[in-house]
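Peer 1: Dropping the structure in here first, questions after.
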Amino acid sequence: MPSLRYVHAAADDAASALSDEYARLYQDVYAEPPYNGGPLYERDRFLDRTRRQVEQPGFELLSAIDTTTGELAGFCFGLTFAPQKWWRGDVTEPPAEVLAAPKATVIELVLRKHHRGHGHGHRLLTQWLAGRTEPYGMLLAHPEAPAHALYLRWGWQIVGTCRPAPDADVSDVLVLDLAPAT
């Protein structure tokens, strides 16, 4: 099993998500079905979106580095959605309790194909969420993407749909309750 080292970055250090290495990995992963490299997944659009996101409150990046090759194996990043903030685009109405709370919003979870199936994606996601103070985690998942079924298995629940841009596919909005059980 490949061994990965996880590196957390926040604030100015998280701007590494704007490097060519991250953009190339992003493009490689989103060239796969069901995304097939559509316009939403072009390099420049990724970099434009990410440039804006890095500046937002709560932005954090978690990178997975292959300890053998030193290559970027994957990454997870996101930010805080404040109370009353929700996805943009063509979206269904959110649950009131989720909308009213701050949300740890996963924007990207990307992993090279040959590193999948070893628990690295789950580890990236759980480590990114660890220590977050928001009561909910939130992400978008394409219903036909293999990760969608994994999210459901990991306890995420579908609460609606979102088409974030006119040239994007409709994704499910998934939410995870992060509040500790009492």
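Peer 1: Pro83 - would you say it is part of a loop (DSSP other than H, G, I, E, B), modelled with pLDDT of 95 or more and under 15 Å from Glu134 (Cβ atoms)?
Peer 2: yes
Peer 1: Continuing with the same structure: What single numbered condition from (1) surrounded by 12 or more Cβ atoms within 10 Å (Cβ to Cβ); (2) over 16 Å from the mean Cα position of the chain (by Cα); (3) not in a loop (DSSP other than H, G, I, E, B) fails to hold for Arg5?
Peer 2: (1)
Peer 1: I'd like to verify a number: residues in region 13-44 that are within 17 Å of Phe75 (Cβ to Cβ), assigned to a helix (DSSP H, G or I) and not polar (S, T, N, Q), how many?
Peer 2: Taking region 13-44 and keeping what is within 17 Å of Phe75 (Cβ to Cβ), we get 13-32, 35, 41, 43.
Then drop every residue that is not assigned to a helix (DSSP H, G or I), which leaves 13-18, 20-30, 41, 43.
In the following step, the residues that additionally are not polar (S, T, N, Q) were identified as 13-15, 17-18, 20-26, 28-30, 41, 43.
Summing the residues that are within 17 Å of Phe75 (Cβ to Cβ), assigned to a helix (DSSP H, G or I) and not polar (S, T, N, Q) in region 13-44 gives 17.
Peer 1: If you scan region 43-69, which residues turn out to be open to solvent by less than 40 Å² (accessible area, probe 1.4 Å) and either aromatic (Phe, Trp, Tyr) or farther than 27 Å from Thr133 by Cβ (or both)?
Peer 2: Residues satisfying the conditions are Phe46, Leu47, Phe59, Asp66.
Condition check ((1) within 25 Å of Tyr22 (Cβ to Cβ); (2) out of contact with any Phe, Trp or Tyr (no Cβ under 8 Å at 6 or more places or on another chain)) across all residues:
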{"position": "Phe81", "(1), (2)": "yes, yes"}
{"position": "Ala104", "(1), (2)": "yes, no"}
{"position": "Leu129", "(1), (2)": "yes, yes"}
{"position": "Arg132", "(1), (2)": "yes, yes"}
{"position": "Leu140", "(1), (2)": "yes, no"}
{"position": "Ala147", "(1), (2)": "yes, yes"}
{"position": "Arg153", "(1), (2)": "no, yes"}
{"position": "Gln157", "(1), (2)": "no, yes"}
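Peer 1: Hey, another quick one. Could you list, in sequence order, the residues of region 23-41 that are surrounded by 16 or more Cβ atoms within 10 Å (Cβ to Cβ) and more than 20 Å from Ala141 (Cβ to Cβ)?
Peer 2: Passing the criteria: only Ala23.
The values are calculated or read from the model by the stated rules, or taken from the named source; none is laboratory data. These numbers come from a predicted model, not from an experiment. Heads up, the Cβs are rebuilt from the backbone with ideal geometry, glycines too, and the neighbour counts pull from every protein chain shown. Just so you know, the surface numbers come from the protein's heavy atoms only, side chains and all, with ligands and any DNA or RNA stripped out. Shrake-Rupley method; radii C 1.70, N 1.55, O 1.52, S 1.80 Å.
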